Structure formats: C-alpha cells, structure tokens
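S.K.: Just passing along the structure, written as structure tokens.
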Amino acid sequence: MATLDKVKWQRFHLDPGWSNKHQDLVYTNEQFNDTTSLAEWKSLGYTQTQFTGDMYDMRNLEPDWMARIKHHFKWQHFSWSVYRMGPGTALPEHSDTYDRFRKIYNVVDPTKIYRAVIFLEDWQQGHYFDIDGTPISQWHAGDGVWWNWDTKHTAANVGKTNRYTLQITGLQNDNIIV
C-alpha cells in the first residue's frame, strides 16, 4: 500500500482495460472556476479565453470501464471526471479548488482531499503534465499521478491530437491506493 506521508505526490500504473471507449463520450466545456488564478494568468500575458478542456463527469452515466478503476482507490468518497484536452489548450500552474467535491460531500477540511490523474492513452508529442515542478511526458495508458490537495500542477496540449485523462478525487483514508 502506498501513502503520501513524506511526499506531496506519487506516480503509479494501472493496467488499462478501457480500450478507446472514452473517445465516444459526450463532452461539455465549463469555465475554469478559480477567478484568482484566471486573473494571475491574464496578468502574466495569457490571452486565451478558454483554459479548460472538455469534461464528462459523475453527473453523467458512469462508463462501464470505471468499475475496473474504482476498486484500486480506497478513498472515502469517489468523484470522477473524464477530461479531453484539445490541441492548443493550456492550463497554467494552479492548485485545484475542489469546489464541487467539497459541496457534494460537505468537506470542511480540504487538506484531506486527494486527486489522481490517470492517462487514458499513450503519450503523444505535445502532450504535457507537470506536478510540483516535475515535468512528466512519454507516459503509457494506465500511468497516473496522485497528490495531496494543494499540490501545484500544469497541463497542456500543444500537440495535434486530443489528450485524454481521468481525474479522480477522494478523501484521505488509511490505504490511499493499491
């Protein structure tokens, strides 16, 4: 069992069993919900109006392949979002706010929140992820990263193909991940 006792984040791998079914989901786009980060990015010279990719999340029917992933996470509560980041999308360095998760589960102490990102497809040129100042690329389907609540991270797609990830959020428990 792995825990985050001394580090803010950790890599892992799950055997992929989802094929490419995530490409067929009906995605929607929502504006990034942290106005402070948006203001900072604009002051730094970012000019785009859209900072987020498209989502298919737990407000929709859960894909059948999600059960294969859920049993690996021993978190209290389990929220998920399949995320499609199209070419030309950049999400500058930020910490997640977990607003929706905190409201749904009435979470008062955000320091117990963990997030994981699982890469649903093999890395392709121009796909990027950075966690706490460490760049990650050349991943394989099923590779992932999980972190505690306020760890800063960055995501971008400056390639020519969509970048697909699964985001999972939960509360700290004795056994974080198998």
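The values are calculated or read from the model by the stated rules, or taken from the named source; none is laboratory data. Predicted, not measured: the structure shown is a model, and the values here were computed from it. Here the Cβ is made from the backbone with ideal geometry for all residues, glycine too, and neighbour counts use every protein chain on show.
S.K.: Give the residues of the range 74-92 that are more than 21 Å from THR28 (Cα to Cα) and either among the hydrophobic types (A, V, I, L, M, F, W, C) or out of contact with any Phe, Trp or Tyr (no Cβ under 9 Å at 6 or more places or on another chain) (or both), sorted by residue number.
M.R.: Those that are more than 21 Å from THR28 (Cα to Cα) and either among the hydrophobic types (A, V, I, L, M, F, W, C) or out of contact with any Phe, Trp or Tyr (no Cβ under 9 Å at 6 or more places or on another chain) (or both): LYS74, TRP75.
S.K.: Checking the structure you have, find out if any residue of the range 38-61 is in contact with a Pro (Cβ under 6 Å, 6 or more places away or on another chain) and either modelled with pLDDT of 90 or more or not in a loop (DSSP other than H, G, I, E, B) (or both).
M.R.: Yes; the residues of the range 38-61 include at least one that is in contact with a Pro (Cβ under 6 Å, 6 or more places away or on another chain) and either modelled with pLDDT of 90 or more or not in a loop (DSSP other than H, G, I, E, B) (or both).
S.K.: Let me ask something else about it. If you take the residues in the range 137-159 that are among the aliphatic types (A, V, I, L, M) and surrounded by fewer than 21 Cβ atoms within 10 Å (Cβ to Cβ), which one is nearest to ALA90 (Cα to Cα)?
M.R.: Across the range 137-159, the extreme among qualifying residues is ALA156.
S.K.: Also: Of everything in the range 11-34, what is closer than 21 Å to ARG115 by Cβ, at pLDDT 85 or above and of a type outside the set (Asp, Glu)? Give them in sequence order.
M.R.: ARG11, PHE12, HIS13, LEU14, PRO16, TRP18, HIS22, LEU25, TYR27, THR28, ASN29, listed by residue number.
S.K.: If we scan the range 93-101, do we find a residue that is out of contact with any Asp or Glu (no Cβ under 9 Å at 6 or more places or on another chain), under 21 Å from VAL7 (Cα atoms) and not hydrophobic (A, V, I, L, M, F, W, C)?
M.R.: yes
S.K.: If we keep just the residues of the range 19-34 that are in contact with a Leu (Cβ under 9 Å, 6 or more places away or on another chain) and not in a helix (DSSP H, G or I), which is surrounded by the most Cβ atoms within 10 Å (Cβ to Cβ)?
M.R.: In this case the residue turns out to be PHE32.
S.K.: Across the range 100-154, what is the total count of residues that are more than 22 Å from LYS8 (Cβ to Cβ), touching a Ser or Thr at 6+ places or on another chain (Cβ under 9 Å) and among the small types (Gly, Ala, Ser)?
M.R.: 1
S.K.: Across the range 103-132, what is the number of residues that are under 16 Å from the mean Cα position of the chain (by Cα), surrounded by fewer than 18 Cβ atoms within 10 Å (Cβ to Cβ) and not in a strand (DSSP E or B)?
M.R.: Summing the residues that are under 16 Å from the mean Cα position of the chain (by Cα), surrounded by fewer than 18 Cβ atoms within 10 Å (Cβ to Cβ) and not in a strand (DSSP E or B) in the range 103-132 gives 2.
S.K.: Return yes or no: is ALA141 touching a residue at least 12 places away in the same chain (Cβ under 8 Å), among the aliphatic types (A, V, I, L, M) and either farther than 22 Å from TYR98 by Cα or assigned to a loop (DSSP other than H, G, I, E, B) (or both)?
M.R.: yes
Matching residues to (1) basic (Lys, Arg); (2) free of Cβ contacts under 8 Å to residues at least 60 places away in the same chain; (3) within 22 Å of HIS127 (Cβ to Cβ); (4) surrounded by 12 or more Cβ atoms within 10 Å (Cβ to Cβ):
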residue	(1), (2), (3), (4)
THR36	no, yes, no, no
ALA39	no, yes, no, no
GLN50	no, yes, yes, yes
ALA67	no, yes, no, no
PHE73	no, no, no, yes
VAL82	no, no, yes, yes
PRO87	no, no, yes, yes
